[in-house]
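Worksheet for the structure shown next.
The values are calculated or read from the model by the stated rules, or taken from the named source; none is laboratory data. Quantities reported herein were computed from a predicted structural model and do not represent experimental measurements. All Cβ positions, even for glycine, are placed from backbone atoms using ideal geometry, and neighbour counts span all protein chains on display. Heavy atoms of the whole protein, side chains included, go into the accessibility calculation; ligands, DNA and RNA do not. Shrake-Rupley method; radii C 1.70, N 1.55, O 1.52, S 1.80 Å.
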Amino acid sequence: MDLCWSYEKCSPNRYRLVLIDNVIGCGHTLRAVWVPGYESRRLIDILQAAWYLNSGGKIRNGLADHTVLILDQIAEYRKES
């Protein structure tokens, strides 16, 4: 199972952070395996969060300190479960 953070559109003007399972077989499909509840109207907010989590905290482009704390809690919770 190859897990990575991505996004999905959850309403016409709202996006959310999702942990996806890259399933590669006959076709390339993506399946959300966990949704932590982190949402925004701005896609860039979710993309920055995904980049941060996928990099293990190394890519912090434009993220405020309080956002990093929330994302670190999400990452920690994911490790525990």
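Hey, any hits in segment 17-25 for a residue that's at pLDDT 80 or above, part of a strand (DSSP E or B) and open to solvent by 60 Å² or more (accessible area, probe 1.4 Å)? Steps first, answer last, please.
Step one: filter segment 17-25 for residues at pLDDT 80 or above, giving 17-21.
Now restrict to residues that are part of a strand (DSSP E or B): 17-21.
Now narrow it down to the ones that are open to solvent by 60 Å² or more (accessible area, probe 1.4 Å): none.
The answer is no; no qualifying residue exists.
If the condition is being open to solvent by 70 Å² or more (accessible area, probe 1.4 Å) and either within 12 Å of Tyr15 (Cα to Cα) or in contact (Cβ under 8 Å) with a residue 12 or more places away in the chain (or both), then segment 52-61 contributes Asn54, Asn61.
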